[in-house]
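Encoded as structure tokens, the structure appears first; notes follow it.
Since every read-out is calculated from the coordinates, none of them should be taken as a lab result. None of the values given here were measured: they were computed from a predicted structure. Every residue, glycine as well, gets a Cβ built from its backbone with ideal geometry; the counts of neighbours run over all protein chains shown.
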Amino acid sequence: MEKSVDTMEKVVSLCKRRGFVFQGSEIYGGLKGTWDFGPLGVALNNNIKREWWKMFVESREDMYGVDAAILMNAKVWEASGHTGAGFCDPLVEDTETGERFRADHLLKDAGVDAEGMTLEEIDAAIADHRLVSPKGNPLSPARQFNLMFESRIGATSGAEGKVYLRPETAQGMFVNFKNVLDSMSPKIPFGLAQVGKAFRNEIAPREFVFRVREFEQMEIEYFVKEADWETEFDKLRTDIQTWHRHLGLADENIREYEVPKNDLAHYSKRTIDFEYNYPGKGFDELAGFAYRTDHDLKNHMQHSGVSMEYIEPDGTRYIPHVLEPSFGVGRAFMAVLCEAYTEDEMGGEARTYLKLPVHLAPYRVAVSPLLKNKPQLVEKARDVFAMLKKEFGNVAWDDNGNVGKRYRRQDEIGTPHCIVIDFETLGEEKPELADTVTVRDRDTGEQERVAIGELIGYLK
Ligand code: ATP
């Protein structure tokens, strides 16, 4: 279904109103590029990460999880190239206000692709297009701005004390490649997977959780023989497509952008950006998938002096090549919410609901007594709640307002089913309905009578 252009604003406001996402450090005026996840946001995020881990690690024999430290020896980032120009964005300043902008983004808005341009070419393009800052003032010449956050470790001063907050989880896997080989004896092809925080000092954080300074990634480094990279690339590409369907994202809202050869990083032979059609924004990166040759392991071998070779049973030694699927949790979170956000009419009233897949919904089901001042109803509802809570964990107790209001509230946070315990459950009016409850479906609003003993099976 085509979403209206203001869907994003509506999603952002729903996120705040319903406890999904709050501005970071809000009571102190916020901190740009940071967002805090509230109770329902954590639940949705955890569900995304859990499903990802299940699909890419637990359900497979060829994947191994790791969880490396966020702080790493600074030499890691020298070896990976992150301390150099490769991890910089071109920055220009408003010469009057000092505000900073990404030169490539300003050029993109003017229809110029700045990918691969030198600083001189960027300055020339800005001059050609007579670009000024969004405030109308002249722009400074472009300079490279490194995106890594720096800090110091312990009481050491000088260069030895320097550390960086990791700008990607990937390097934590490369530096543990040898450890996993030695401890787990994996057979090629195999992958390492990691989920965790990454930090980038983005020049212009924007668009809700799309571009932030602190975010989470779910990444895989998949090690293959050079000769097999194309076959393995195709297989992982299909797995990524399956993942996006599992998130409930419609095929027509996903686009696979084949990065042109001349825009590829020098070590990459092929890169596909998986883009999502964010309402009002259009297609933009959701996840990346790159064939990185043996670039990373080779560099770490050179810089650390530790062998990164894989040894075949017949004694052949080689440095494996790597395929890297890289997913941003926040971008998946945003895509899932935009896709799920639906407005319709039910019972002659406009309603908003999140059509979330069952495995992603913050609450699997909500339970309520028809009336909260009738102890018998409450007691029975509490029993049903306890039974379901034990089974599913994420079950909501909702006795605020009348039943209609509860349904609307649960619809808005995407709860797939609501259960109401009423007088019929108590067997007071129709004995044949004793110990049955009303189960209401979020998407259709239809209600069914289900025996308490069959509820778990029904919901599963
Ligand atoms: P972009 O071009 O949008 O800056 P990128 O190509 O630099 O992204 P990668 O380095 O490939 O991104 O990172 C892998 C994934 O991590 C991205 O596909 C995205 O989902 C996520 N990601 C990267 N930077 C950010 C950020 N600043 N905020 C939120 N997610 C991010």
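What does the charge count near residue 247 come to, summing +1 for each Lys or Arg and -1 for each Asp or Glu among other residues with Cβ under 10 Å from its Cβ? If you can, show how the numbers build up before the last one.
On the way: positive: 245; negative: 51, 339.
Value of the local net charge: -1.
For residue 402 and residue 448, compute 0.36 nm times the residue count separating them, minus their Cα-Cα distance, and round to one decimal in nm.
Details: separation 46, 0.36 × 46 = 16.56 nm, distance 1.90 nm.
Additional length available on full extension: 14.7 nm.
Only helices at least 20 Å long along their axis, Cα-based, and averaging -0.5 or more on Kyte-Doolittle count here, so list those DSSP H runs from the chain. Kindly include the intermediate steps, with their values, before the conclusion.
On the way: long enough: 39-53 (21 Å, -0.54); 229-246 (25 Å, -1.64); 375-392 (25 Å, -0.26).
Correct list, ordered by number: 375-392.
Given a Förster distance of 56 angstrom, what is the FRET efficiency for residue 5 paired with residue 73, based on the Cβ-Cβ distance and rounded to 0.05?
Working: r = 47 Å, r/R0 = 0.83.
Efficiency computed from Cβ-Cβ geometry: 0.75.
Between residue 390 and residue 228, what is the label-to-label distance in nm when each label sits 7 Å out along the Cα-to-Cβ direction?
Once both label points are built, they end up 4.7 nm from each other.
Could you give the length gained on full extension between residue 261 and residue 429, defined as 0.36 nm per residue of separation minus the Cα-Cα distance, in nm? Don't skip to the end; give the middle numbers.
Numbers: separation 168, 0.36 × 168 = 60.48 nm, distance 7.30 nm.
Roughly 53.2 nm would be gained on extension.
Taking the Cα centre of region 258-407 as origin and charging only Cβ (+1 Lys, Arg; -1 Asp, Glu), how large is the dipole, in debye to the nearest 20?
720
Suppose each label sits 7 Å from its Cα in the direction of the beta carbon; what would the residue 147-residue 22 distance come out to in nanometres?
2.9
Identify the residues of region 92-130 with backbone N under 17 Å of a label point that sits 7 angstrom from the Cα of residue 207 along the Cα-to-Cβ direction, or state none.
Inside the label zone: 101-115.
Arrange 202, 258 by Cβ neighbour counts within 10 Å, fewest through most, would you?
Values: 202 18, 258 9.
Arranged by neighbour count, lowest to highest, 202, 258 become 258, 202.
Could you please rank 321, 82, 359, placing first whichever residue has the fewest other Cβ atoms within 10 Å of its Cβ?
Numbers: 321 25, 82 20, 359 15.
Lowest count first: 359, 82, 321.
State the Cα centre-to-centre distance between region 316-378 and region 231-278 in whole Å.
Taking the Cα centre of region 231-278 as reference, the centre of region 316-378 is 23 Å away.
Taking the Cα centre of the chain as the origin, how large is its charge dipole in debye, to the nearest 20, when only Lys and Arg (+1) and Asp and Glu (-1) carry charge on their Cβ atoms? Spell out each step's value before the answer.
Working: 58 positive and 78 negative charges, 270 e Å.
I would put it at about 1300 debye.
Based on the Cβ-Cβ distance from residue 32 to residue 184, what FRET efficiency comes out when R0 is 51 Å, to the nearest 0.05? Could the numbers behind the result be given before it?
Values: r = 42 Å, r/R0 = 0.82.
For residue 32 and residue 184, the calculated efficiency is 0.75.
When the distances between all Cα atoms of region 383-460 are binned every 5 Å from zero, what whole-number percent does each bin get?
For region 383-460, the binned pair fractions read 3, 15, 26, 27, 20, 8, 1 percent.
Given the peptides 272-278, 4-10, 148-154, 415-421, arrange them by the average over their residues of other C-beta atoms within 10 Å, most packed first.
Working: 272-278: 21.3, 4-10: 14.9, 148-154: 12.7, 415-421: 24.3.
Sorting 272-278, 4-10, 148-154, 415-421 by mean packing, highest first, produces 415-421, 272-278, 4-10, 148-154.
By the scheme Lys and Arg +1, Asp and Glu -1, what is the net charge of all other residues having a beta-carbon under 13 Å from that of residue 298? Display every interim value, and only then the final one.
Numbers: positive: 292; negative: 226, 294, 296, 309.
Once all neighbours under 13 Å are counted, the net charge is -3.
I'd like to know which of 122, 404, 297 lies farthest towards the positive end of the charge dipole of the chain, counting +1 on Cβ of Lys and Arg and -1 on Cβ of Asp and Glu.
Positive-end residue among those listed: 404.
Per residue, what volume in Å³ does the convex hull of the Cα atoms of the chain enclose? Walk me through the numbers on the way to the answer.
Working: hull volume 91.1 nm³, N = 460.
In the chain, the Cα hull volume divided by residue count equals 198 Å³.
Between residue 374 and residue 157, what is the spin-label point distance in nm, taking each point 7 Å from the Cα along the Cα→C-beta axis?
In this crude label model, residue 374 to residue 157 measures out at 7.5 nm.
Which Rg and Dmax, in Å, describe the Cα atoms of region 85-146?
Just the Cα atoms of region 85-146 yield Rg and Dmax of 10.6, 30 Å.
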